[in-house]
Structures are given as structure tokens and as C-alpha cells.
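For reference, the structure I am asking about is given below.
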Amino acid sequence: MKYRSVFDIIGPVMIGPSSSHTAGAARIGRVARSLFGREPKWANISLYGSFAKTYKGHGTDVAIVGGLLDFETDDVRIINAIDIAKEKGIKLRFIEEDAVTDHPNTARIIIGDHNGELELVGISIGGGKIEVTELNGFELKLSGNHPAILVVHNDRFGAIASVANILAKYEINIGHMEVSRKEQGKLALMTIEVDQNINDNILIELEELPNILKVTKIVD
């Protein structure tokens, strides 16, 4: 097994008490915020399994909200994240779900404002690491531990190759890539984790490709 740093072994620098229930939860919230691209005006946060049973005692609620506010896992403001969000006028709703999920530390986050919504399902897999397993109805596998781009595109021949060619032109190495679609020939989603952050000019060039509808990046 390979580790990127010592923090993959001992866990991240964080506000406690739990790497899974606090640091991981904060990262799930922060990935949702990054993909949404702005501070939401409201958030419905559904918690499953262990998250639902212990979220108040382990600070999962404040951690997710801290992530939605774009706080790092070691930001002391996480402790007061819910109060800070309310001061900003952000409406919060926590829902304890009974449904059985594939992983005990699962959260479904729906955030939005007057310009749109985003729905994300994330799991905290231990040591502060996470996986995003669903985004706006698309199944995916996104670690949140590497720079990544998400490409919404028409499910057409050549779309994937055209994106890969642009990344190759700029010597961007792909570490992991998946494609998900809801229905053949309709919308699809590319999830591409890369080894370096991608310049905004490259994103613009990708969006200009045929059948590419939207490109969003997540910075490591």
C-alpha cells in the first residue's frame, strides 16, 4: 500500500474529535461547496448509519457545515460553523435517515440558492479520507484527495477522446478516470483525477470542445 504523506497514516491535521466523523465530514462538505462554486443559501443534510447516530456528539454536523463554508479541516471556526452559517442567513436542515447504505458514514447533501442546486452523496472511509459516490444523480468515484475535473457532456462518440487529447497536449497526467451516464445517448459525466492543478485556460478550451457542456474543477 502506498501513501501520499505521513498524514495518510496518522490522519489529517484537524479539529476533533474524530477523523471519520469530523475531518471526513468537513471534506465532504467542502467538496460540495467547491463543486457548487459559491456559498449556498440553504442546505438539507441527510445523515445515514453511524453519522445519523452520533453526528452531534462527534461534531459531524458542524464539520459538514464548516466544509460548506469553505473551512479547512483544521480551521478552529468549524466549532462554531452552524452559528456562523445562521449569521450569514444560510438555512440548515439535518435529517436522520433510517435507510441502510453501503457505508455506515454516509451523508447526502443538497445545497442551493436562487441560481441552482447541487446534490452530492459522500462517504467518510477513515483517516479523514472520503469518496464522493453520487453527484446530481450520476454515480461516480471521487476521492477528493487529488485535483480533479468533472466534465458534463453529451453521450457521443469522440467526447472522451477529445478531452483526453487536450489534457495530453498540456502534459496533464490522468491518475483516475470514470464515465457515468443515466441513459445511453443522453447526458454523461466524466470524473478525471489528475496529478497537478489545471489552469483555468485549459478548462475554457475543454468547454469549447464539441458535445462538452460544463467543466468544473476541484483543487487539491
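Helix-derived [θ] at 222 nm for the chain: sum -39500 (n - 2.57) over DSSP H runs of at least 4, divide by residue count, nearest 500?
Using -39500 (n - 2.57) per qualifying helix, the result is -7000 deg cm²/dmol.
Now for a separate question. Can you tell me the 0 to 90 degree angle between the C-alpha axis of helix 159-169 and the longest principal axis of the chain, rounded to 10?
Helix 159-169 sits roughly 90 degrees off the main axis of the chain.
What does the charge dipole of the chain about its Cα centre add up to, to the nearest 20 debye, if the Cβ of each Lys and Arg holds +1 and the Cβ of each Asp and Glu holds -1?
240 debye
How would you rank R38, R33, going from fewest to most other Cβ atoms within 10 Å of each one's own Cβ?
R38, R33
So how tilted is helix 24-36 from the main axis of the chain? Cα-based, degrees 0 to 90, rounded to 10.
For 24-36 against the chain, the angle is about 40 degrees.
Every read-out reported here was derived from the displayed coordinates using simple, explicitly stated rules and does not represent laboratory data. Remember, it's a predicted structure, so these values are computed and weren't measured experimentally. We place every Cβ from the backbone using ideal geometry, glycine too, and count neighbours over all the protein chains shown.
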